[in-house]
Amino acid sequence: MHLHRYERIWLIIGGATLVLFLSIVGVQAFATDAHPPGSLVTVDPKTVTQEAPFNKPSLTQVGEKEYKAVMVARMFSFQPGQMEIPAGSTVHFQITSPDVVHGFEIAGTNVNMMVVPGHINRATYTFDRPGEYLIVCNEYCGTGHQVMGGKIIVK
Ligand code: CUA
């Protein structure tokens, strides 16, 4: 098959670009140990708020400047709705929903995940900067969606 010279050049550029982009994504994924959220941790959304640990959503200290936040997102609030930690603390969040799909985004951080009924989603973040961090639900979840929020106060 005969290809025009320019056509060949553009094919090579296109192919090289594709290989370059895929390589960057691949290297980055392995370097940062990134992987899509698994659906390995499942719970029954009907009984999740009656059983430990989600029957008592809370923030507990698990080490020096290390906390575990067991949270429930439901129409139309987060539990616990407000948490206070000292600056420099690392918080391990685990969250689920007993009703519908919600969002869990901590404004100003890279914590942003979906909260899906039947699944426990996790995120870890270190709060180095003092201040007030807004937790917002960024998945439309019903008539009270816009009031669904929470707060993390870092002192
Ligand atoms: Cu919950 Cu929007």
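The values are calculated or read from the model by the stated rules, or taken from the named source; none is laboratory data. Treat the numbers as computed from the prediction; the structure is a model and nothing was measured. Heads up, the Cβs are rebuilt from the backbone with ideal geometry, glycines too, and the neighbour counts pull from every protein chain shown. To get the accessible areas, we keep the full protein, side chains included, count just its heavy atoms, and leave off ligands, DNA and RNA. Shrake-Rupley method; radii C 1.70, N 1.55, O 1.52, S 1.80 Å.
Yes/no per residue for (1) away from the ligand (no atom under 16 Å from the Cβ); (2) assigned to a loop (DSSP other than H, G, I, E, B); (3) under 26 Å from I152 (Cβ atoms):
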| position | (1), (2), (3) |
| --- | --- |
| G14 | yes, no, no |
| F21 | yes, no, no |
| G26 | yes, no, no |
| A29 | yes, no, no |
| E51 | yes, yes, yes |
| K68 | yes, no, yes |
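Of the listed requirements (1) small (G, A, S); (2) more than 22 Å from P130 (Cβ to Cβ); (3) not in a strand (DSSP E or B), G103 misses just one: (3). Going residue by residue through segment 111-119, is there one that turns out to be in contact with a strand residue (DSSP E or B) (Cβ under 8 Å, 6 or more places away or on another chain), assigned to a loop (DSSP other than H, G, I, E, B) and exposed (fewer than 14 other Cβ atoms within 10 Å of the Cβ)? The answer is no; no qualifying residue exists.
A search for C-beta distances below 7 Å between a residue of segment 71-96 that is touching a residue at least 12 places away in the same chain (Cβ under 8 Å) and in a strand (DSSP E or B) and any residue that is open to solvent by 30 Å² or more (accessible area, probe 1.4 Å) and among the hydrophobic types (A, V, I, L, M, F, W, C), counting only pairs 6+ apart in sequence or on different chains, returns M83/L59; T96/V43.
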